Amino acid sequence: MSTTQLPVKMQAVGVNRTGDFDVIEKLELPVPQNAPGDILVKVGEPVSNLPLMIVCSPSIRQFWGGDEDDVVKHFQRTFLPGISLLTMPTDSPPLTRKGLYPISSFPQPLGTEAAGEIVGLPTDDKILSDKEYTLRGFNLGGKVAVYGLGTFAEYVSVPWTRAYPLPDGISTRIAAAGLTQGATALTFVTEAYNVQKGDIILVHTVAGGLGLLFAQLIKRRGATVIGTTSTPEKAELAKQHGADHVILYTKEDTVQRVLELTNGEGVHAIFDGVGKDTFESDFKMIRRKGTIVSVGNASGAVPPFPPLKLVEKNVRLLRPTLSNYMYTPEEGRRYSTELFDLIAKGDLKIRIHAEYPFTAEGVQQAQKDLTGGKTVGKLIVKIAPPPQS
């Protein structure tokens, strides 16, 4: 049996046209037909009778990487030619950063991350016999976290490669909140720069949702974490998540403090989510043969620069994307397994900033809060349990 009995209609929150916050509305849509290669998921955890959960992702650009034009080009390469794009604001003031979502038709539910119960499995025989598919151990009733457009809905259908089984001991709520940012941090500290015991690592900025995950993973590997942030309150939060030294860039000279802390040598690697405002100073704080990992552009895109800039210290510079680290089914299985194991054991704590109702007004407010720049961690949209028949 590949599918459980399903209702005909479902509730969702999405759009019928592009625009500002006011285009977000409550929708009643058909439950998606599961494609031969897809997993159909009932969003949430119905077994425990808790509210169903989905995640309002802070920044799709954090997942795909690159500037806005780069993301557009990525989607045009990845999805069908001629697809239109919906522009939705996200969480990166003062730069007005925007999440770019592929929209082939309207109405369209929003959201990109979720977790819940499998209610439909692939039917394609080639997929069912695929080694990587069988290794994931999908079963009806099993719990998974998923990544794909349209998760602000009671049901979502995604390619099986974008569905990640959950181990015992991790809730769908935490798994959904931790999937994208957790996988980003994990892959970057493994492949962009493989953090080792004894390294000294700088994180710009360390008290954001992604920065807190970087701090925990870097500290866990036995490295020293230096972070930057704006307020004493955020500095204390960062220290609670593993940062050894936190520099208040609003009051201190970041370059001077980093060089003091490293005896003038600089750090082994920098994970920089700020972009334009910190890029030049990164080269003053990186040591010879160090690595600068550009994680985001909160202050604006890094301007063009000559490759000769790297010569002085033989610096390595990367602008990676999660999608290219979890590109193959094997990579997706390996990293998601490691991520959820870390979360289940308590070695990686996922911070949830707030929860919102499953209404147009609730999702609008979540988007507004994201653009306000005052959130730290994920924003959860709670889907009320369906009525009992």
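The values are calculated or read from the model by the stated rules, or taken from the named source; none is laboratory data. What you see is a predicted model; the values in this text were computed from it and never measured. Note that each Cβ is placed from the backbone with ideal geometry, even for glycine, and that neighbours are counted across all protein chains shown. The area values use the complete protein model at the heavy-atom level, side chains included, leaving out ligands, DNA and RNA. Shrake-Rupley method; radii C 1.70, N 1.55, O 1.52, S 1.80 Å.
For region 358-369, state whether one or more residues are polar (S, T, N, Q), open to solvent by less than 40 Å² (accessible area, probe 1.4 Å), under 23 Å from residue 179 (Cβ atoms) and assigned by the TED database to the domain that holds residue 115.
Yes, region 358-369 has at least one match.
Right, residue 202: outside any helix (DSSP H, G or I), at pLDDT 95 or above and among the hydrophobic types (A, V, I, L, M, F, W, C) or not?
yes
Out of 190, 224, I need the residue that is farther than 23 Å from residue 322 by Cα and at pLDDT 95 or above. Which one?
Residue meeting the stated conditions: 224.
Checking the conditions here, which among 284, 234, 289, 219 is open to solvent by 20 Å² or more (accessible area, probe 1.4 Å), in a helix (DSSP H, G or I) and closer than 20 Å to residue 188 by Cβ?
Within the list 284, 234, 289, 219, the selection yields 219.
Name the residues in region 192-213 that are out of contact with any Ser or Thr (no Cβ under 9 Å at 6 or more places or on another chain) and under 15 Å from residue 292 (Cβ atoms), would you?
Scanning region 192-213 gives 194, 195.
If a residue must be more than 17 Å from the chain's Cα centre (by Cα) and either part of a helix (DSSP H, G or I) or among the polar types (S, T, N, Q) (or both), how many such residues does region 317-333 contain?
3
Please verify whether region 137-148 includes one or more residues that are of a type outside the set (A, V, I, L, M) and open to solvent by less than 10 Å² (accessible area, probe 1.4 Å).
no
Being surrounded by fewer than 19 Cβ atoms within 10 Å (Cβ to Cβ) and among the β-branched types (Val, Ile, Thr) is the filter here; which residues of region 1-44 pass it?
Scanning region 1-44 gives 3, 4, 8, 18, 23.
So is residue 209 buried (at least 22 other Cβ atoms within 10 Å of the Cβ) and at pLDDT 95 or above or not?
For residue 209, the condition - buried (at least 22 other Cβ atoms within 10 Å of the Cβ) and at pLDDT 95 or above - is not met.
When you scan region 337-353, how many residues do you find that are touching a helix residue (DSSP H, G or I) at 6+ places or on another chain (Cβ under 7 Å) and either among the small types (Gly, Ala, Ser) or not in a strand (DSSP E or B) (or both)?
Residues that pass the stated criteria total 9.
How many residues are small (Gly, Ala, Ser) and crowded, with 17+ Cβ neighbours inside 10 Å if we restrict to region 338-355?
Residues flagged as small (Gly, Ala, Ser) and crowded, with 17+ Cβ neighbours inside 10 Å within region 338-355 amount to 1.
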